[in-house]
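Take a look at the structure set out below.
The values are calculated or read from the model by the stated rules, or taken from the named source; none is laboratory data. These figures come from a predicted structure and were not determined experimentally. Note that each Cβ is placed from the backbone with ideal geometry, even for glycine, and that neighbours are counted across all protein chains shown.
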Amino acid sequence: MAPLPFNLGLVQLLADHRNTILTKLAHIAGFVGGVEGYILLASLIYVVWNKRLAIQLSVVMLAASSLNDLLKLLVRNPRPFIAQGAYLQKWAVPAKSARKLAMEFSTPSGHATAAAAFYAYLYGKVQSRIVRVVAVAAILIIGISRPYLGVHYFEDVFLGWALGLAVAAIGLGYAEAIAAAWNRISHCLQVVIVAPAGLALWLIAILLNGHSTTGQPYAYLCYGGFLTGVVIARPLELSKVNFDPRSSTLLVKILRYFLSVGLLIITLFALEIIFMLITSRYSMLWNLLEYIRFIAAGFVTVFLAPWVFTRIGWARTLTNGAGSFAD
């Protein structure tokens, strides 16, 4: 498909003026603005500061990213330099990453969308001037890093920002009403709604991707799986653990954060090894098992890790009553 008439010259201009320091910073911004970066940041907020805010930020980011990937599959605009066949030379990313990105579409930018949604929501919820300055800077730096690396047009970034800000605005305006409606649904029904919905979006993405599971559709396994794990785990954490994220000393908070991240990494790697013994990569069964792997990741992050560090005395248990997903 022919690319949209976006300004390739601006992307080339940045490519002509790259330097080592800025390129390394752009790579860091790319990681921070990726799904892994948001999981790490939301986990930090969840473990040491505000559980409810961490859950809300995760939902907003996942919703924005899902919409972004759907638009990518509908617009089907190739990334810069794909049509010219020069992307391996023009992109400032490792060759392995370049080949993966080349299978995905460009418009709008997923990094810009997720950054705008996540950090704009954080900006709206937290009154701290420092947090707000960091939030604005993160949106700008993560977005601009994409055309700097050559993998997006500036137009992709502007559209991504617009989409992410719109999702954040809806979240900020209607979060309480959505939470109230969601909490009226039983836990079992919540899981029944979310789990098939994630798989349905993945199947729709496959259809829009020419019946191929490679490229853009894979992201939906992460989005839907992790959100399903959170939906399963959140009421269980509130009723059976209900830890206080602000309890304990700074050192203990750091320790329990690393414990939480460690359990998440172990879960992802262990299940990947097990599932690779069951079936070959990229088969339909492998994709379904990946969905289960990300469900486990969400469950471990939200329930299992808090259960462990309350048992070893690294967090105090709150005495207020149990709540639900959006509490």
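Couple of notes before you dig in:
- Only residues that are assigned to a helix (DSSP H, G or I) and either over 19 Å from the mean Cα position of the chain (by Cα) or not assigned by TED's automatic domain parsing to the domain that holds Arg281 (or both) were counted across the stretch 204-223, and they come to 4.
- Counting residues in the stretch 216-235 that are hydrophobic (A, V, I, L, M, F, W, C) and surrounded by fewer than 18 Cβ atoms within 10 Å (Cβ to Cβ) gives zero.
- Screening the candidates Ile39, Ile28 for the property of being in a helix (DSSP H, G or I), closer than 30 Å to Leu172 by Cα, at pLDDT below 95 and not charged (D, E, K, R) yields one hit, Ile39.
- Yes/no for Leu88 being touching a residue at least 24 places away in the same chain (Cβ under 8 Å), part of a helix (DSSP H, G or I) and within 20 Å of Pro3 (Cβ to Cβ): no
- Test result for Lys72, buried (at least 20 other Cβ atoms within 10 Å of the Cβ), among the basic types (Lys, Arg) and not in a loop (DSSP other than H, G, I, E, B): yes
Yes/no per residue for (1) buried (at least 21 other Cβ atoms within 10 Å of the Cβ); (2) at pLDDT 95 or above; (3) closer than 29 Å to Ile21 by Cβ:
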{"residue": "Ile130", "(1), (2), (3)": "no, yes, yes"}
{"residue": "Leu149", "(1), (2), (3)": "yes, yes, yes"}
{"residue": "His152", "(1), (2), (3)": "yes, yes, yes"}
{"residue": "Ala162", "(1), (2), (3)": "no, yes, no"}
{"residue": "Ile178", "(1), (2), (3)": "no, no, no"}
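- Candidates Ala233, Ala315, Ala297, filtered to the one that is touching a residue at least 60 places away in the same chain (Cβ under 8 Å), in a loop (DSSP other than H, G, I, E, B) and not assigned by TED's automatic domain parsing to the domain that holds Ile55: Ala315
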